[in-house]
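A short write-up of the structure that comes next.
FYI, it's all coordinate maths here, none of it is from the lab. Here the structure is a predicted model, which is why all the values come from computation and not from measurement. Virtual Cβ from ideal backbone geometry, glycine too; neighbours counted across all protein chains shown.
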Amino acid sequence: MEFVKKVIVGNDILQVVRIRPFLLMMLSQFFSQLAFNMQHFVLIFIIYGLTRSNTAVSAVILSFTIPAVLFSLISGVHVDRWDKRKILFSTNIIRGILILLFLVPGLHVGFMYTLTFLIALATEFFIPASSAITPLLIPRKLIMSANSILYLGVYGTIFMGYILAGPLLILLGKTYTIFLLASLFFISTFFILFIKPKNYLDSKEVLPRPKKSKNSDLSFFKEFREIFPFIKKTRKVLRALVVLTIAQAIIFMFAVLGPGYVSTILNVAIENLSLILIAPAALGMVFGAFILGGIGKKLEFRMLSAIGFVLSGIIFILFPIGGKVTLYLPIVIALSVVVGFAISLIFIPGHATIQTETSERLRGRIYGLLNALTGAVSFLPVVLAGGLADLFGVGSVVSGVGILMLIISVFFFVFA
């Protein structure tokens, strides 16, 4: 009972939401992320409806992911150069306008891919800017709790986007759904107008405006190379980058395997994927975020991430057994809740570590590097996951991923 009392009564989340600049940022990010995640599924439905081609859907997903690999490093450098509020404002306006262009009559599918690519490109500037500005809105001691709230919003909007995209297209039709997505981006922009970081102009860490150089390419590479001595020296940041990259790659792999797991192992309709796996995992993330908001700042990231990998690894090994057990669906749902909790132990402290251990003048580039690493490292496992599942079965691959996570947890906790 004493533990529960500490978690609830002493939870810093309640203190964080009373900070006005952060509250505005949280509301802005909620509407923006909801629009971005809904548009993923809306555009997939629209393009599949036009083409009836799975290859065309794959091209949509590539249009969203390629910018992360190609432009994350560039966006990170420019986020450190520019006013982060202006980046957030501009990228939401740009994305809102681009999504409206899908209403052009007789729009060619190739142009749809181009628009999708441009929306993802604008998002590559939005993501590091939103992550880098967070420590400027709140005291250092509340960063763990702030990340708990923000990642509740991120994963909540992914879940809501997955659930709402189809019904909205059915109820509203393509035209009004597109208008709704654009409106959400513009509403997000409205909240950004009132965000005033307390130390945004006064911080001594703010990166001075770069001097004009005759060779901007040399200036860019010089600025980007600045982060590597810092990462080498700051082992906590290095560990956070590696752990977050591996964890995201594993999540992408399971996203590929999820439909096959539901249909072949559990023998239920694919449409139940969200109810069996995604919704319970989101509930687990909510629970984990609330716990971390209360006591997370007292625990080391190395220990939390190791626990997260161990729990996830054990559950992944148990997942394939689910279909062979009586009353297996409740068991799988419970396991999904635990996986969501385990994921929160990896991602929330990981991002809090990066934000607390880096200065404002480097933070944008660090997040640009993280996005690039995630995109590059995830590509091969995601491609292999489907092929390996076809060869050896979904259950074998899911169990293999679980064993890999256990090995990673031992390495980082014992040797790193």
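Annotations
- Convex hull volume per residue, computed on the Cα atoms of segment 1-194, equals 139 Å³.
- Theoretical gain in end-to-end length, L238 to F411 [0.36 nm per residue, Cα-Cα removed]: 60.8 nm
- Here the extension length gained between I61 and R20 equals 11.1 nm, from 0.36 nm per residue of separation less the Cα-Cα distance.
- Each residue of segment 129-137 was assigned a 3J(HN,Hα) from its phi angle through the Karplus curve 6.51 cos²θ - 1.76 cosθ + 1.60 (θ = phi - 60°); the sequence is 5, 5, 6, 6, 7, 4, x, 7, 9 Hz, with glycine and proline shown as x.
- With 0.36 nm allotted per residue and the present C-alpha distance subtracted, the S396-S183 stretch has 72.3 nm of extension available.
- Inter-label distance, F221 to A269: 5.6 nm, where each label sits 7 Å from its Cα along the C-beta direction.
- FRET efficiency, Y48 to I93 (Cβ-Cβ, R0 30 Å, nearest 0.05): 0.55
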